[in-house]
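Structure record follows, encoded as structure tokens.
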Amino acid sequence: MFEDTIAAIATPLARGAISIIRLSGDDAIAIADSLFSGNLSAAKSHTIHYGYIEENQTPVDEVLVSVFRAPRSYTCEDVVEINAHGGPLVTRKILSLLLKNGARMARPGEFTERAFLNGRIDLSQAEAVEDMIDASTDAGSRQAIYSIRGEIRKLLQPLIDSMMDLIANIEVNIDYPEYEDAAEMTAETLLPHSREIIERMDEIIERSKAGMMVQDGIRTVIAGKPNVGKSSLLNALLREDKAIVTDIAGTTRDLVEGRVQIGDFVLNLVDTAGIREGAEKIERIGIEKSRQSIEDADLVLLVLDASRPLDEQDQELLKMTENKRRILILNKKDLAPAFEMVGAVSISALNKDLGGLSEALGHLFTSDQIVWQPRLSNERQLGLLSQARQDMDRAREAMENGIEPDLIEIDLLSAHDHLKEILGEVHREDLLDTLFTNFCLGK
């Protein structure tokens, strides 16, 4: 498919033990062989060869050269990987020699793009390669490796096949209307199967949302009225003085954010302005942001001042968050308590004594959200499945209203295409450009 041979440095360009320079294309072996002290022209696939990279018969570096012949390689093309010493100078020198001898500098992500376009991986697997590189949690890396193994295709293929069965039934009815009554076919075949597909889609969507929340970080809002210790709690969790702490009400007027790992998952923390009545104009803007953050949060840490009785503002916050996933935190346990609350966690944020908060956070999310299950891994995939689900819902509604099957087929075909687009089997060139441009060089 591709006439040129590409090259790039596949490891970070920094001082280290080794560096890897990668080539892919029809001339990869010949170009590497022209610089190598040994003979690569007859090298078998998946072999490693010791020697030197040379320039005008002068050694440049002592290397190990790995040879992978098409189609049994990452890109399904001939691939050569030169393992050199990890100095930036010698690494750049070897790349420069490869480019002088006929290779072209690879674009970001072009090796993985070729793997996709040559049919070795689907688009969900290509995205998983980048997810593995970017993973910052065990949950993220676990999702990535399962996706690399093709689990997303295995998850979606039964849905795609079921849709094709529905479409085939309609096509038969259109081509041979005398064989089956349209109304009877809709009631007995199309409608039950459509409802089943929608149920399976809903299950995947909900599971994917929960999994992505754990994978990407749980948006966690620290909420409470002014001066209850929200900023002190943020600082204690982050183990740094990220937010300003004073005894003056309204110090926090905008959102202050941080990121901390608790056990197997990450909290994306947001410290909000204290919610109270009678604040001046600038503080009111911060309070409105706080309310919106609570609305959008995956988790709310509601901080209450245990040294003072609950007041109307506390009660308002308790009501505002009652339908959210939350942990109630009684701060200032070092002072005499004014009330108790069953199920709440007592802490002293100022003294960085978080009591059982870490344990409460660890128990909050069920193990099935942390342990990997087959699911989608990013917003692009989830958005396309949601669009397919909307298509199926329109098709189901049309079936229930007795619309002719050939009109129903339009929505079924749209749903089918949206699912195929997740795997990259239906795709736009601008989408591919955007996706692979985000990859690093050499990948």
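Below are the figures for this structure:
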{"read-out": "Coordinate range along principal axes, alpha carbons of the chain, Å, largest first", "value": "83, 78, 38"}
{"read-out": "Longest exposed-site-free window of the chain, the sites being chymotrypsin sites (Phe, Trp or Tyr not before Pro) in a DSSP loop that have at most 16 other C-beta atoms within 10 Å", "value": "3-338"}
{"read-out": "Reach of K93 by Cα under 29 Å, taken over lysines that are not fewer than 8 positions away in the same chain", "value": "K44, K443"}
{"read-out": "Placed amide H near D353: partners under 5 Å, 5+ positions off or other chain", "value": "S348"}
{"read-out": "Estimated [θ] at 222 nm from DSSP helical runs (n ≥ 4, -39500 (n - 2.57)) normalised by residues in the chain, nearest 500", "value": "-14500 deg cm²/dmol"}
{"read-out": "When each of K209/K230; K289/K319; K319/K352; K209/K332; K154/K209; K225/K324 is checked by Cα-Cα distance, pairs over 24 Å", "value": "K209/K230; K319/K352; K209/K332"}
{"read-out": "Charge dipole (debye, nearest 20) of the range 6-122; +1 at Cβ of Lys and Arg, -1 at Cβ of Asp and Glu", "value": "200"}
{"read-out": "Computed over the chain: relative contact order in percent, which uses C-alpha pairs under 8 Å that are six or more apart", "value": "17"}
{"read-out": "Nitroxide proxy distance, nm - points 7 Å out along Cα→Cβ at E206 and A168", "value": "3.1"}
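Every number here is computed from the coordinates shown, using simple stated rules; none is lab data. What you see is a predicted model, and the numbers here were worked out from it, not measured in a lab. Every residue, glycine among them, receives a Cβ derived from its backbone with ideal geometry; neighbour counts consider all protein chains shown.
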